[in-house]
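Worksheet: one structure, shown below.
The values are calculated or read from the model by the stated rules, or taken from the named source; none is laboratory data. Bear in mind that the values here come from a model prediction, so they are computed numbers and not experimental data. For neighbour counting, all protein chains shown are included, and Cβ atoms are generated from backbone atoms with ideal geometry for every residue, glycine included.
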Number of protein chains: 4
Amino acid sequence: MALPQQFLDLRDNVRNWGRWGDDDVLGTLNLITDAAVAAGAAEVQTGKRFSLALDLKLDGVQLGAVPGRVNPLRTMVAVNSGMLPDSDTFHTSDDVVFMGLQAATHWDGLGHVSYDDTLYNGIPADTITEWGATRVGIENVKTLTGRGVLLDIAKLHGVDSLPLDHLVTAEDLDAAATMGNLEVRSGDIVLIRTGLMTKYHEGDKPTYNGWSGSPGPGLSAVGWFHANDVAAVATDTFIFEIFPSELDDAMLAVHMLNVVDMGLTQGQNWDLEELSADCAEDGRYSFFLEASPQPFVGGCGSPVNPVAIK
Amino acid sequence: MALPQQFLDLRDNVRNWGRWGDDDVLGTLNLITDAAVAAGAAEVQTGKRFSLALDLKLDGVQLGAVPGRVNPLRTMVAVNSGMLPDSDTFHTSDDVVFMGLQAATHWDGLGHVSYDDTLYNGIPADTITEWGATRVGIENVKTLTGRGVLLDIAKLHGVDSLPLDHLVTAEDLDAAATMGNLEVRSGDIVLIRTGLMTKYHEGDKPTYNGWSGSPGPGLSAVGWFHANDVAAVATDTFIFEIFPSELDDAMLAVHMLNVVDMGLTQGQNWDLEELSADCAEDGRYSFFLEASPQPFVGGCGSPVNPVAIK
Amino acid sequence: MALPQQFLDLRDNVRNWGRWGDDDVLGTLNLITDAAVAAGAAEVQTGKRFSLALDLKLDGVQLGAVPGRVNPLRTMVAVNSGMLPDSDTFHTSDDVVFMGLQAATHWDGLGHVSYDDTLYNGIPADTITEWGATRVGIENVKTLTGRGVLLDIAKLHGVDSLPLDHLVTAEDLDAAATMGNLEVRSGDIVLIRTGLMTKYHEGDKPTYNGWSGSPGPGLSAVGWFHANDVAAVATDTFIFEIFPSELDDAMLAVHMLNVVDMGLTQGQNWDLEELSADCAEDGRYSFFLEASPQPFVGGCGSPVNPVAIK
Amino acid sequence: MALPQQFLDLRDNVRNWGRWGDDDVLGTLNLITDAAVAAGAAEVQTGKRFSLALDLKLDGVQLGAVPGRVNPLRTMVAVNSGMLPDSDTFHTSDDVVFMGLQAATHWDGLGHVSYDDTLYNGIPADTITEWGATRVGIENVKTLTGRGVLLDIAKLHGVDSLPLDHLVTAEDLDAAATMGNLEVRSGDIVLIRTGLMTKYHEGDKPTYNGWSGSPGPGLSAVGWFHANDVAAVATDTFIFEIFPSELDDAMLAVHMLNVVDMGLTQGQNWDLEELSADCAEDGRYSFFLEASPQPFVGGCGSPVNPVAIK
């Protein structure tokens, strides 16, 4: 099988290999300069905060579609455990967790996707081993923070949740920016709201998981991410991109182009509901965003508690 | 055994039970108002960022002193796994982790400590069960971000690392604030540097773990935290507080007073080395700090990747 | 709520508390004397072996009905890992697993069930803590081996799998023994076949899990276990006993009577299909059975690979 | 580097590839015929049982030498958890475990060792993937039971524990068989006692782990295993074989020859102390042994609770 020409043309257009040096493992996160962070912090006006993370719990998002990507199971190794018998002394409780790093609200690291036996920046895919991503592990991303913008595609189309076959296009993204009175800047972290998260909140996990298809960005959006020098992108969906994919012969094409070719860190299962309501209310769709991953050495992804501050 | 009078007097002085309502489960984090967050963001000038987290890895901080608090073991559930046989299609890598929530750089949640069968705000300790902290779980802390200040006690005393028996006192804290040209404000997140982390970086884990004692804040510091309405406190040590404790009959007294009486969220294993060097260089010891925990439902603690931005 | 009189009467009849001493933690396993083991070994004629365990895998029996009882997830910590670069030297592969101890073919230990705040032999239920079964942990069962007998209730009734509402009675057990030309002896390990495992093999996990009810032994069978001095009992079902239970006010009555009152170790998810076919063929329903649990300190259960030898 | 000629010669002598067919994945376990099992069962006289397993617990054998081979951490997912509020109803306790499959008393499966990019029977080493041993997984070993013999080398030399540099030779094995009045037969499971386990019981884990060297079988023993058609071999040591190895250029030579060339399943950390004492007392060094692994799909090893019955 050969990848379709439309894919290959887009790939040639958006590929960032070598752009930040042959040894680079950060990709578009390089666009988050100190100045971009400072500009992001300058978005803070009221100090109102929004956590965009789903609760970490056994009864979480995962239904088993990705084998091994298990919901968090947190258990106790000490419950009010005292070193002395007296009750009026120090007692402590401690816990452990077993979880998929991509189980809930998370970032895909640059080790998460390969094709043509290759990772971002031409790094051989076989640098992913049983030890994890030995070259592009997520511990390299020390911080991930800057200006965030919400592109509320669901609101743009006047729906709580986009139809399951809604392809988020470059035009959608531009229109949402216009609706939000936004200028997207180099180094921005872009949050794309489809509203699909409402299905999860309603308890309809299969629909949220995309069993009947999922709205999400497609090929033209990839071009848009590149043209706008976006640093990172997250959605409020399980799959991230439109599913089924636009091209029969390039399943999960957006994943491949984003992660492998652009070196774009992408996020899934972000809960944008409360933020969306607030942005609609005050008309401000930009904010400071702090969403640094946990520094798992060799990690192909990481849970994240993204915090938007307005 | 009865807790010593000195402890009880201090307890009566610093106890915040009821201060934010009988149902409160956030404690001093209530001091981080929107205004405090906005003021914190206003500290950002250059956009320079510092991750204060240790790498998450099997060869980490833990040596077994706290049974069950195991170092992170991250393993792979997919390595360049393709759904189709063709190499030029989408391939994916995914990972899982088993770890103690308090294994590396972390916050102690308010469920982590009890005494007299009681948690913060008079909540019964038996609300900690095999399911975790059913009342004061760390998922209640949606965000933890605001103004951070570094009180560099090691630098104050002109050493790389404080002697193992160095008691960090209220006087130390005031002097370090003065050295840093700082006014500590209500709602600040205070980072106390002892320099002990240098031992870990040098590979001397037993010393870092406090096997021969550990420098850290003591009883007068607790009073200082309360008098200054500090929102949260973190150190660059394993044990957090001075060890052995000042009072023979009140082991880990600071833990008890901080967590149970004040409702003060406290952090351990924070790596303040790079931040310390930078503060010494530019003379600015305040910054924006984002250190929101991961929302583990029922969690008694959480790993955190704290990010300081100047 | 009070337990119904029928339950209480049966309880008084079958309770073994004190029978093997006030400190006993083995219950009916005490019935497996050295002589019983020797008699069991004497059942071996051909040396033909049958493993009665289900494969341990992520795609296993569990569907989530018991929160936290997760299917095994085995991952690699080394894959052909060499200490030297040369390929012609020693390379090694190692794995870890996270699993519920009761996830697949398993024994319920005596810590698995309590009622009236009490475990077997009147041991307080609060001896089960976050550390596990501190008094009745499954590590106390060093070995569990002896004469096994198959009571093939499905075959008795001429069906592949009993109807979901089939109550396995004392009469069933006697009739199956007669069909098998068996005399059940003190210390025997009794395997009860309902045929429900065929549903699992056919891929119908919900039916196997008992979502629509499950055949299994009921109250009269409990009396039969006691009257026959059975050492341990296992079934080829998920729930073990008839479900829904016979008495509205005594859900899982058989679990309570077996484990708490008799101190009877019971097994679930045993695959008896191949053994059943062989017994039908050679007419011999007794065999040597080795089914020792893994010695998890404090364990409330254990996976087991039971081996029948004829 | 090339493997030394002495290794290569021995390899040519003992290699069993193709002996049981090109698709064989059981190796010398094929030697355990039904007749051998029946003969093993015939060893049972008194029914006295010996568990040869170490307790499974966090404070176990592992000290970190093999990264990721972690001691078992068992935690609770339910502690006397009731579905109804009434205390006189069914309550249940359940547990989960995270552990290295080779952490305690275990079998090495045929996926555990490779060299020359090859596993037993010429199977390519790259059939070990992140999914485990896809060809030679330990689930293929349905049962592992038969006649066991104890070759008590420590007793042979009149010591509690062999010196750390004691090489167990073919002569040792023959002499121990003679001492035990044993004829080793095809299909036997051979247990070699060095006494090193006494160090573990005394709390000296580093010595037990072989930090100062370990007694164990060497090259001549490998030839002996092959000449005697041994089905499986286990020792009471951490490393299994003599350490450091006899040949500088063939580290862990016995592992390579046993597992890769012979297809010999080998066991470690078997506790032979109680069995040794009993054999010395009654003079009988043969017994029935049941030591079937847990059927982990793709497993490179498995914990085992071996039971010897006399």
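Observations on the model:
- Unique residue being part of a loop (DSSP other than H, G, I, E, B), in contact (Cβ under 8 Å) with a residue 12 or more places away in the chain and of a type outside the set (Gly, Ala, Ser) when the list is B:Arg147, B:Arg185: B:Arg185
- Scanning the stretch A:51-91 for residues that are of a type in the set (Ser, Thr, Tyr) and in contact with a Lys or Arg (Cβ under 7 Å, 6 or more places away or on another chain) returns a single hit, A:Ser51.
- Those residues of the stretch C:243-300 which are part of a loop (DSSP other than H, G, I, E, B), within 25 Å of C:Gln62 (Cα to Cα) and charged (D, E, K, R), in sequence order: C:Glu246, C:Asp271
- Leading residue by the ranking (nearest to B:Trp131 (Cα to Cα)) among those in the stretch C:109-126 that are surrounded by fewer than 22 Cβ atoms within 10 Å (Cβ to Cβ) and in contact with a strand residue (DSSP E or B) (Cβ under 7 Å, 6 or more places away or on another chain): C:Ala125
- Test for C:Asp261: is it acidic (Asp, Glu), over 16 Å from the mean Cα position of the chain (by Cα), modelled with pLDDT of 95 or more and more than 23 Å from D:Ser81 (Cβ to Cβ): no
- Once the stretch D:256-269 is narrowed to residues that are in contact with a Phe, Trp or Tyr (Cβ under 6 Å, 6 or more places away or on another chain) and within 10 Å of another protein chain (Cβ to nearest Cβ), the residue that is surrounded by the most Cβ atoms within 10 Å (Cβ to Cβ) is D:Val260.
- One residue from C:Pro85, C:Pro67 being surrounded by fewer than 22 Cβ atoms within 10 Å (Cβ to Cβ), touching a Leu at 6+ places or on another chain (Cβ under 8 Å) and free of Cβ contacts under 8 Å to residues at least 12 places away in the same chain: C:Pro67
- Selection status of B:Leu182, aliphatic (A, V, I, L, M) and under 17 Å from B:Ser302 (Cα atoms): no
- Positions within the stretch C:241-288 being aromatic (Phe, Trp, Tyr) and touching a residue at least 60 places away in the same chain (Cβ under 8 Å), in sequence order: C:Trp270, C:Tyr285, C:Phe287, C:Phe288
- The one condition in (1) in contact with a Gly (Cβ under 9 Å, 6 or more places away or on another chain); (2) modelled with pLDDT under 95 that D:Asp248 fails to fulfil: (1)
- Residue within the stretch D:222-238 that is touching a residue at least 60 places away in the same chain (Cβ under 8 Å) and within 9 Å of chain C (Cβ to nearest Cβ) present: no
- Put simply, of A:Lys199, A:Lys155, A:Lys142 the only residue that is within 30 Å of B:Ser81 (Cα to Cα) and assigned to a helix (DSSP H, G or I) is A:Lys199.
- Within the stretch D:118-133, one or more residues are part of a helix (DSSP H, G or I) and facing chain C (nearest Cβ under 7 Å).
- C:Lys142 meets all of the listed conditions (1) at negative phi; (2) surrounded by 24 or more Cβ atoms within 10 Å (Cβ to Cβ); (3) not hydroxyl-bearing (Ser, Thr, Tyr) but one, namely (2).
- Restricting the stretch C:149-163 to residues that are touching a Ser or Thr at 6+ places or on another chain (Cβ under 7 Å) and farther than 17 Å from C:Ala221 by Cα, the residue that is surrounded by the fewest Cβ atoms within 10 Å (Cβ to Cβ): C:Asp160
- C:Met99 meets the conditions (1) in contact (Cβ under 8 Å) with a residue 60 or more places away in the chain; (2) surrounded by fewer than 19 Cβ atoms within 10 Å (Cβ to Cβ); (3) over 30 Å from C:Asn16 (Cβ atoms) in every case but one. The failed one is (2).
- Considering the stretch B:1-42, and only residues there that are within 18 Å of A:Arg49 (Cα to Cα) and more than 21 Å from the chain's Cα centre (by Cα), the residue that is surrounded by the fewest Cβ atoms within 10 Å (Cβ to Cβ) turns out to be B:Ala35.
- Under the condition of being over 30 Å from B:Leu272 (Cβ atoms) and facing another protein chain (nearest Cβ under 7 Å), the residues counted in the stretch B:85-117 number 12.
- Each residue in the stretch A:183-210 was checked for being over 18 Å from the mean Cα position of the chain (by Cα) and surrounded by 18 or more Cβ atoms within 10 Å (Cβ to Cβ), and 3 pass.
- Single match in D:Val44, D:Val37, D:Val14, D:Val25 (criterion: within 7 Å of chain C (Cβ to nearest Cβ) and in contact with a helix residue (DSSP H, G or I) (Cβ under 9 Å, 6 or more places away or on another chain)): D:Val44
- Subset of the stretch B:57-84 [within 22 Å of B:Ser276 (Cβ to Cβ) and facing another protein chain (nearest Cβ under 8 Å)]: none
- Selection within the stretch C:270-310: residues that are among the hydroxyl-bearing types (Ser, Thr, Tyr) and facing another protein chain (nearest Cβ under 10 Å). The member of this set that is surrounded by the fewest Cβ atoms within 10 Å (Cβ to Cβ) is C:Ser292.
- Number of the exception - B:Val136 against (1) buried (at least 22 other Cβ atoms within 10 Å of the Cβ); (2) out of contact with any helix residue (DSSP H, G or I) (no Cβ under 7 Å at 6 or more places or on another chain); (3) β-branched (Val, Ile, Thr); (4) more than 9 Å from chain A (Cβ to nearest Cβ): (2)
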